[in-house]
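The block underneath contains the structure these notes are about, expressed in structure tokens.
The values are calculated or read from the model by the stated rules, or taken from the named source; none is laboratory data. Bear in mind that the values here come from a model prediction, so they are computed numbers and not experimental data. Cβ placement follows ideal geometry from the backbone for every residue including glycine, while neighbour counts extend to all protein chains displayed.
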Amino acid sequence: MLQLENKVAIVTGASSGIGLAAARLFARHGARLVLVARRRKELDALVAQLADGGAQAVACAGDVADAACAQAAVALALQRFGGLDIAFNNAGTLGPMGPTPELALEDWRAAVDTNLTSAFLAAKYQLPAMAARGGGSLIFTSTFVGHTLGMSGMAAYAASKAGVIGLTKALAAEYGAAGVRVNALLPGGTDTPMGRVVANTPEALAFVAGLHALKRLATPDEIARSALYLASDASSFTTGTALLADGGVSIVRA
């Protein structure tokens, strides 16, 4: 069953990790894709790979914290595919980690711009396009950090990603009558290039895995499948949620 057949989707952060896995999975389920990331070479390679499998995709290289990038992605969806049904706004950054008093203001602002302001910019252009289609599914990647669990040295990341959840709830209320569902996906520890910044030694990897009830990290494909649920009609009565796909890290305290 092709859950996204005849749907048009934007996926940001599509050059690696969860975004890459989601792009491949959405394509297998019939979506036509606008793929967004900063690295043009990697995006072009992915577009070619998807085309070899019979999927339709176009690259949109840019920084998600830039309004022009958000606007261009929606414009491409409209020009190439005639509309927009789904957006998986997944691109983000950990930002610098360490004691909060040592965090430079410019580093704080960079994390907020990449994680939270980018979500606002995405929604600013995506929501009207989805409403014009009669509805759609807008998804943000947030995190359990700062939502169900506090972790020291991650203030900018936690605050910016927690803000995404507040934005999700406001937008879900604002656009529900237009048929647009808005949800946040909260992965647990995932084996991605960004995740390896935290779990960068065998000991650190074992520690992070042990925080989860399942005692392991997720694969990007596992998180992509949760994004597929939110993107598809399987979640047709789900909006305004912070959906945990965290391997039980939020309920383990020992």
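So here's what we get for this one:
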{"quantity": "Boolean, residue 171 is part of a helix (DSSP H, G or I), modelled with pLDDT of 90 or more and crowded, with 19+ Cβ neighbours inside 10 Å", "calculated": "yes"}
{"quantity": "Region 28-45, residues that are of a type outside the set (Val, Ile, Thr) and in contact with a strand residue (DSSP E or B) (Cβ under 6 Å, 6 or more places away or on another chain)", "calculated": "31, 32, 33, 35, 40, 43, 44"}
{"quantity": "Members of region 213-254 found to be among the small types (Gly, Ala, Ser), more than 13 Å from the chain's Cα centre (by Cα) and closer than 30 Å to residue 136 by Cβ, listed by number", "calculated": "218, 232, 234, 235, 236, 240, 247, 250"}
{"quantity": "Test: residue in region 118-134 that is farther than 25 Å from residue 8 by Cβ and not polar (S, T, N, Q)", "calculated": "no"}
{"quantity": "Helices (runs of 4 or more DSSP H) (entirely within region 195-241) containing at least 1 residues that are in contact with a Phe, Trp or Tyr (Cβ under 7 Å, 6 or more places away or on another chain) and at pLDDT 95 or above", "calculated": "220-231"}
{"quantity": "Single residue of region 23-41 satisfying the filter (farther than 23 Å from residue 67 by Cα and crowded, with 24+ Cβ neighbours inside 10 Å) that is nearest to the chain's Cα centre (by Cα)", "calculated": "26"}
{"quantity": "Meets criteria (over 19 Å from residue 241 (Cβ atoms), modelled with pLDDT of 95 or more, touching a Gly at 6+ places or on another chain (Cβ under 6 Å) and surrounded by fewer than 18 Cβ atoms within 10 Å (Cβ to Cβ)) for residue 134", "calculated": "yes"}
{"quantity": "Pairs where the first residue, in region 218-242, is farther than 17 Å from residue 91 by Cα and the second is β-branched (Val, Ile, Thr) and at pLDDT below 95, C-beta under 6 Å, 6+ apart", "calculated": "218/190"}
{"quantity": "Members of region 111-163 that are part of a helix (DSSP H, G or I) and over 28 Å from residue 81 (Cα atoms)", "calculated": "111, 112, 113, 155, 156, 157, 158, 159, 160, 161, 162, 163"}
